[in-house]
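The values are calculated or read from the model by the stated rules, or taken from the named source; none is laboratory data. The structure presented is a predicted model; accordingly, all values stated were derived computationally and were not measured. We place every Cβ from the backbone using ideal geometry, glycine too, and count neighbours over all the protein chains shown. For the accessible areas, the whole protein counts, side chains as well, though only heavy atoms, and no ligand, DNA or RNA atoms are used. Shrake-Rupley method; radii C 1.70, N 1.55, O 1.52, S 1.80 Å.
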Amino acid sequence: MSNIRVRFAPSPTGALHIGGVRTALYNYLLAKKHKGTFILRVEDTDQTRYVPGAEEYILEALAWAGITPDEGPGQGGEYGPYRQSERKDLYGKYASQLVEAGHAYYAFDTPEELSAIRSDMEANKEVFRYDNVTRKNLNNSLNMSAEAIAERINSGEPYTIRLKIPRDESITVNDLIRGEVTFQSNELDDKIILKGDGMPTYHLANIVDDHLMEISHVIRGEEWLPSTAHHLYLYRFLGWDSTQPKFAHLPLILKPSGKGKLSKRDGTKLGIPVFPLAWEGKNEEDSFIGFREFGFDSNAANNFLAFLGWNPGTEQEIFSMDDLIESFTLERVGKSGARFDFDKALWFNQQYLIQMKDEDLGKKLVPLSKAKGYNASEAKLSKVAGMMKERVHLIPDILEQGYYFFEPIKDYEEKMIRKKWKPERVLLFETLNADFRSLSSFTAAEIETTTKAFMEKNELGFGDVLPILRIGWCGTMKGPSIFDVAEFLGKEECSARLNTAFTKFNEIKNPS
Ligand code: GLU
């Protein structure tokens, strides 16, 4: 493929959904694979839907994911500006050109008139559409003399410009993912392309910019497929069909249940992130947790997102960004919806954690440990990371599940104690604690040897002793090698913990 130029064209109307990041990622991968150009274009022509902070959010989310634009509002480039509000003077002439060529027309219908027609039709269980049938009876330039049109426009009467969709035609796009998709023109409305305030709508601005920016491929979500019919007409009417980009509409992302489209509310309902970063909305309903804050590594998140709709056709699942760039093709993107399997996202993150160096994890744990008020060195945090990383899915889990490395035990797993603790053995276990205290070097190997010698001498099995030590030192049966944990905690702490635990175990067995 030669000279690939792709764009990610979000509208800053709120936080960028994780599906948007996938769209950006696929665009980026295709561009990088073919040494092409990945463009970020901010589509902010709809001022009524503009949300302050949303553009910054988009930039930060892309930066977090490592999806860096080659051209964009931050990078600049030869085809700029890359924010549509800064290009607004550019679109009017194309709308006028379409009117002059008879492919668009002025519509003077006021919003009140249109909503009155809409309600009348709704009363008859009909749906109003401004289209190639109804336009004959509406307040537009197709039904007026040239003088009447000029008079209205000169008198400053507000108008919109609408695309004149022909009657009885079919129009086909050869989608790179879906194959041929054919639309019937009689099903299409005459979309507004220029609004009363002189601003273009999405449809016009998007096509003009894709053309001027020499976009080769439009890769976007399936929800834009119906608009493609209008876009094809725009290309044709503007005389640009020979350089029209290729289209690829990505499959929907489905709810974790697989039933229906994933929505931003699903995240809140299920307590899982469906946004890349946390977003503080005006109220709680509009505030969302993010993959980043949830503890995901961005490489793992990308790997997971890449698989939401694409697969390499092999068994390999772990792909770095470079691997993805090498392997990605649009041919291997599927048509059917991709289930947002959050457990799979956690699994990916775990694979990345396991691959990460303990020292790197230790560094990442420093701020989290500070936030918890722990006074732990980076070296200690790296050690704990090494012991815990195969047992957790997310970096913060290391400190959540391994809190006992840094603070006293909060809870003892009582069910296990009721099963395993024999109060009559307390004196015996105290001798073991004394044996530990007498060790000159309190290493995992020495602690293990001492424990085994104790078991042999007293004819006790692993099941009699290890659960007692584990719960005494950690409170829980889950965790890394108990001897490694003990070495980390140190002699004094281990001895004190066992003393506290034995009293506690007796209470659990014989509540007063
Ligand atoms: N501005 C549109 C959006 O918010 C862009 C759709 C497209 O890529 O054409 O997703």
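Taken across the range 394-401, residues that are part of a loop (DSSP other than H, G, I, E, B) and without any contact (Cβ under 8 Å) to a residue 12 or more places away in the chain do not occur at all.
With respect to Glu487, is the statement that it is part of a helix (DSSP H, G or I), in contact with a Phe, Trp or Tyr (Cβ under 6 Å, 6 or more places away or on another chain), within 22 Å of Lys383 (Cα to Cα) and among the acidic types (Asp, Glu) true?
no
Of everything in the range 152-164 that is open to solvent by 60 Å² or more (accessible area, probe 1.4 Å) and of a type in the set (Lys, Arg), the residue that is nearest to Tyr26 (Cα to Cα) is Lys164.
Here is a yes/no grid of residues against (1) touching a Ser or Thr at 6+ places or on another chain (Cβ under 8 Å); (2) in a loop (DSSP other than H, G, I, E, B); (3) on the phi > 0 side of the Ramachandran plot; (4) open to solvent by 40 Å² or more (accessible area, probe 1.4 Å):
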| residue | (1), (2), (3), (4) |
| --- | --- |
| Leu98 | no, no, no, no |
| Leu114 | no, no, no, no |
| Lys125 | no, yes, yes, yes |
| Arg129 | no, yes, no, yes |
| Lys136 | no, no, no, yes |
| Glu147 | no, no, no, yes |
| Ala150 | no, no, no, yes |
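Within the range 461-505, the set of residues being among the aliphatic types (A, V, I, L, M) and either at pLDDT below 95 or within 14 Å of Leu427 (Cα to Cα) (or both) comprises Val465, Ile468, Leu498, Ala501. May I ask you to list the residues in the range 305-331 that are part of a helix (DSSP H, G or I), within 16 Å of Thr23 (Cβ to Cβ) and without any contact (Cβ under 8 Å) to a residue 60 or more places away in the chain? Residues satisfying the conditions do not exist here. When Leu346, Leu324, Leu305, Leu353 are checked against the criterion of being aliphatic (A, V, I, L, M), open to solvent by 10 Å² or more (accessible area, probe 1.4 Å) and at pLDDT 95 or above, a single residue qualifies: Leu346.
Residues that are hydrophobic (A, V, I, L, M, F, W, C) and either within 15 Å of the ligand (Cβ to nearest atom) or open to solvent by less than 20 Å² (accessible area, probe 1.4 Å) (or both) number at least 1 in the following strands (runs of 3 or more DSSP E) confined to the range 165-229: 170-175, 192-194, 217-221. Screening Arg41, Arg22, Arg7 for residues that are within 26 Å of Asp266 (Cβ to Cβ) and either in contact with an Asp or Glu (Cβ under 9 Å, 6 or more places away or on another chain) or touching a residue at least 60 places away in the same chain (Cβ under 8 Å) (or both) leaves exactly one candidate, Arg22. Among the residues of this structure, Ala444 does not count as one that is modelled with pLDDT of 95 or more, among the hydrophobic types (A, V, I, L, M, F, W, C) and loosely packed, with under 13 Cβ neighbours inside 10 Å. Which residue is nearest to the chain's Cα centre (by Cα), if the candidates are limited to the range 1-58 and must be basic (Lys, Arg) and within 14 Å of the ligand (Cβ to nearest atom)? Within the range 1-58, the match that is nearest to the chain's Cα centre (by Cα) is Arg22.
Residues are listed down the side, and each one gets a yes or a no for (1) open to solvent by 50 Å² or more (accessible area, probe 1.4 Å); (2) on the phi < 0 side of the Ramachandran plot:
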site	(1), (2)
Leu16	no, yes
Ala31	no, yes
Thr37	no, yes
Glu56	yes, yes
Ala61	no, yes
Gly76	no, no
Ser85	no, yes
